[in-house]
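Novice: To start, I am sharing the structure in question, which I have written as structure tokens.
Each value in this text was obtained by applying a stated rule to the coordinates, not by laboratory testing. All of these numbers come straight from a predicted model, not from anything done at the bench. Positions of Cβ are generated from backbone atoms using ideal geometry, with glycine treated the same way; all protein chains shown enter the neighbour counts.
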Amino acid sequence: MIEFKQVSKKYPTGQLALYNVNLTLEAGEMVFITGHSGAGKSTLLKLVALLERPSKGEVLIGGRSLNKLGRSQIPNYRRRIGFIFQDPHLLYDRTVFDNIALPLRIAGMSHNEIRRRVQAALDKVGLTGREKTFPLMLSAGEKQRVGIARAMVNKPTIILADEPTGNLDPELAQDIMFTFTQFNELGATVMIASHDHGLVERMKKRTIVLQKVDS
Amino acid sequence: MATPVNKKVAPPRNRASGDNPLSAWFNQQSNAFRFSMERLWFNPMSTWITLTAIAIALSLPTSLHLLLKNLQTLTADKREVPTITVFLKQSISEQQAKDLAELMSNQPEIEQLRVFTRDEAMQEFRKITGFGETLDTLTENPLPHTLIITPRLRLLGDMDIDMDAFSNKLKKYPEVDDVQLDVEWILRLRAILSIAERIVLVVSVLLGLTVLLVVGNTIRLDIENRKDEIRVTRLIGATNSYIRRPFLFGGIWFGLFGGILSLVIVHAALLFLIKPVGELASLYGSTFTLSGVDVLMTLQILLASSLLGVIGAWLAVGRYLWRDE
């Protein structure tokens, strides 16, 4: 499903984030990426979401190289990916409903379909009844869950999460990880970057440790 | 190994299920339509200021155009028909004059032609001057036959005829002694009005450009305020046209509402002027009334202002998207 072939990434600042990474993920797999900060966890996810391009090597998704994807095809490709950030990047001038509905509106879904799907997503992350709330009135954990709902609502085949539990207390973190497991059980391929070793170990999933590159 | 993997990816389950591209497009349009309309009133104060600026910029060329149009209808008054007088040679008989008139009247430049015989001329002269007795002493009528020609000449005439060439043509007839043009004043006025028309055009272009810049700048500021939003929507798969769309609608709203407001301003100004203009006209014994903005012109103004708005918005967003990629 996701394949890294001798991927290196060097930023224009000269920082070498990834060096010669080879990695294969099966469809429907759930993996954790761990490693010290600066080991390139975020970069790895960004390469899959095409937020960055590799300096060397290639990333294949479903057998197709992302290097061959032109600029005009990126939006369509990203719609198949749900990306969750440490800071959920919500739009603060819009309600929870409108935030979650954003990917569906981009896809041009009908209003009824959007309503149905957003309700389902809210239900899954346990925020039923909060659709008219604005993000500023939510706690950190709730904001993160809105971010997750937004990433899920379009039923993506790949879910990428970059430190999704970074700011949350352990109990909430555990909750959110279970939400990811549920999505994984529904068939999505899930990649989660996290430096919380305890949490990662408890999840009992395949774990990939990135070593910091000495450049 | 890639094959079974492919199968899992292939079903487009992330697509809007059951939505064909056309209805997806329609949904996107209607979303952008609604969203941009709501967005306009997020900050009502700055929106009103922008709309007023656009309205003032638009109402100036509109009122100048109206002024010109009114001047033209005023001078096109039916009582002031311009004429050409053709004096025939003394030796020409009345029958010859009538034949010539018939021959001439086929010419395209001539709207109307009347033979004014020397007897009629004498009677008129007698009436006007009161030299009846003196004139009786003349054995022969010294006045020539004349032809009174009304040329096809309108102030806004599309049949623009060259008066000099026409009068030269008339002079070439052997029967003609002299040609007197009584149309110079109208030609001068036409020249002045055509200069005024150009001025209105220049002013319109400049103020149209102003509208373009005002809308462009407003949209640019709006984009600056919503940079984060644009970044986030990009991350979740928004195309450039999706990002552009609400701003383009925003530009249309600014243009359209600005245009409507400018029409309100122009109408208010007309109402303000109607009474004194009516009084002035009645002093001149004229039934002239101010003509306002008709339906066609209203539509033209609204179309033009919306177009300016959308172009301004397009330029602003285009610049941003181009720079940001």
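Novice: For chain B, place one equal point scatterer on every Cα, skip the solvent, and apply the Debye formula. What is log10 of I(q)/I(0) at q = 0.06, 0.10, 0.11, 0.15 Å⁻¹?
Specialist: The calculated log intensity ratios at q = 0.06, 0.10, 0.11, 0.15 Å⁻¹ are -0.46, -0.80, -0.87, -1.18.
Novice: Place a point 7 Å from Cα of residue B:178 in the direction of its Cβ. Which residues in segment B:82-98 have their backbone N less than 18 Å from it?
Specialist: Those under the cut-off are B:83-92.
Novice: Still on this structure: Starting from 0 in steps of 5 Å, tell me what percent of the Cα-Cα pairs of segment B:84-182 lands in each bin.
Specialist: Per 5 Å bin, starting at 0, the Cα pair percentages come out as 2, 12, 22, 21, 15, 12, 8, 5, 1, 1, 0.
Novice: Additional query: Calculate the radius of gyration of the Cα atoms of segment B:225-304 to one decimal place, then report Dmax, the largest Cα-Cα distance, as a whole number, both in Å.
Specialist: My reading of the Cα-based Rg and Dmax gives 22.5, 73 Å.
Novice: Going by C-beta contacts inside 10 Å, put B:164, A:196 in order with the fewest on the left.
Specialist: B:164, A:196
Novice: Using alpha-carbon pairs under 8 Å, 6+ residues apart, how would you state the relative contact order of segment A:48-145 in percent?
Specialist: 28 percent
Novice: Modelled label-to-label distance, residue A:186 and residue A:13, 7 Å Cα→beta-carbon offset: nm?
Specialist: So the label points at residue A:186 and residue A:13 sit 3.7 nm apart.
Novice: While we're here: Convert each backbone phi in segment A:134-142 into a coupling constant with the Karplus relation 6.51 cos²θ - 1.76 cosθ + 1.60 (shift: θ = phi - 60°), then list the ³J(HN,Hα) values in order as whole Hz, x for Gly and Pro.
Specialist: Per-residue couplings from phi come out as 8, x, 5, 8, 9, 6, 4, x, 5 Hz.
Novice: Right, another one. Using modelled amide H (1.01 Å from N, peptide plane; none on Pro or chain starts), what sits under 5 Å from the amide H of residue B:111, excluding residues fewer than 5 places away?
Specialist: B:150, B:152
Novice: Rank B:29, A:107, A:176 by how far each Cα sits towards the positive end of the charge dipole of the protein assembly as shown (+1 on Lys, Arg Cβ; -1 on Asp, Glu Cβ) and give me just the farthest.
Specialist: Checked the options; the winner is A:176.
Novice: Using each residue's phi in segment A:170-187, evaluate 6.51 cos²θ - 1.76 cosθ + 1.60 at θ = phi - 60° and report the 3J(HN,Hα) Karplus result to the nearest Hz, with x for Gly and Pro.
Specialist: For segment A:170-187, the Karplus-derived couplings read x, 4, 5, 4, 4, 3, 5, 4, 5, 4, 4, 4, 4, 5, 4, 5, 7, x Hz, x marking Gly and Pro.
Novice: Taking just the alpha carbons, could you work out the radius of gyration and Dmax for segment B:175-325, both in angstroms?
Specialist: That works out to 24.2, 89 Å for Rg and Dmax.
Novice: What is the magnitude of the charge dipole of the protein assembly as shown about its Cα centre, with +1 placed on the Cβ of each Lys and Arg, -1 on the Cβ of each Asp and Glu, and no other charges, expressed in debye to the nearest 20?
Specialist: It comes to approximately 3840 debye.
Novice: Between 0 and 90 degrees, rounded to the nearest ten: what's the tilt of helix A:96-107 against the longest Cα principal axis of chain A?
Specialist: Once rounded, the angle reads 60 degrees.
Novice: May I have the pair-distance distribution P(r) for the protein assembly as shown, computed from all Cα-Cα distances with 10 Å bins from 0 and rounded to whole percent?
Specialist: 3, 13, 17, 15, 11, 9, 8, 7, 6, 5, 4, 2, 1, 0
Novice: If you don't mind, there's one more thing I want to ask. Using a Förster distance of 51 angstrom, determine the FRET efficiency expected from the C-beta separation of residue A:139 and residue B:299, and round it to 0.05.
Specialist: About 0.40, to the nearest 0.05.
Novice: Further question: Would you mind working out the magnitude of the charge dipole of segment A:130-215 relative to its Cα centre, with +1 at each Lys and Arg C-beta and -1 at each Asp and Glu C-beta, to the nearest 20 Debye? Display every interim value, and only then the final one.
Specialist: Numbers: 11 positive and 11 negative charges, 61 e Å.
Its charge dipole is roughly 300 debye.
Novice: Related question: Within segment A:162-178, find all residues whose amide N lies under 20 Å from a label point positioned 7 Å from the Cα of residue A:37 along Cα-to-beta-carbon.
Specialist: A:162-170, A:173
Novice: Roughly how big is segment B:84-182's charge dipole about its Cα centre, with Cβ charges of +1 (Lys, Arg) and -1 (Asp, Glu), in debye to the nearest 20? Spell out each step's value before the answer.
Specialist: Values: 11 positive and 19 negative charges, 10 e Å.
Magnitude of the dipole: close to 40 debye.
Novice: Nearest 0.05, what FRET efficiency do residue A:68 and residue A:5 give at R0 = 22 Å with Cβ-Cβ as r?
Specialist: 0.95
Novice: Here is a follow-up. Rank by packing, highest mean first: peptides A:10-20, B:226-236, with packing defined as the count of other Cβ atoms within 10 Å averaged across residues.
Specialist: B:226-236, A:10-20
Novice: Would you mind getting me the FRET efficiency between residue B:127 and residue B:56? Use the beta-carbon distance for r and R0 = 45 Å, nearest 0.05.
Specialist: Details: r = 58 Å, r/R0 = 1.29.
With a Förster radius of 45 Å, E is 0.20.
Novice: Would you tell me the mean number of C-beta atoms belonging to other protein chains that fall within 10 Å of each C-beta in A:89-95, as a whole number?
Specialist: 3
Novice: Another question, if that's okay. How much length, in nm to one decimal, is gained on full extension between residue B:46 and residue B:322, taken as 0.36 nm per residue of separation minus their Cα-Cα distance?
Specialist: Extending this stretch completely gives an extra 96.7 nm.
Novice: Moving to a separate point now. For residue A:159, what residues show an amide H to amide H distance below 5 Å, using hydrogens built from the backbone and excluding near sequence neighbours?
Specialist: Counting only residues 5 or more places away or on other chains, the set is A:82, A:189, A:190, A:191.
Novice: Let me ask another. Give me the inter-chain shielding for A:98-107: mean count of other chain Cβ atoms within 10 Å, whole number please.
Specialist: Mean shielding by partner chains, rounded to a whole number: 5.
Novice: Another one. Based solely on C-alpha atoms, express the radius of gyration and the Dmax of chain A in angstrom.
Specialist: Calculated on Cα positions, Rg and Dmax stand at 17.1, 53 Å.
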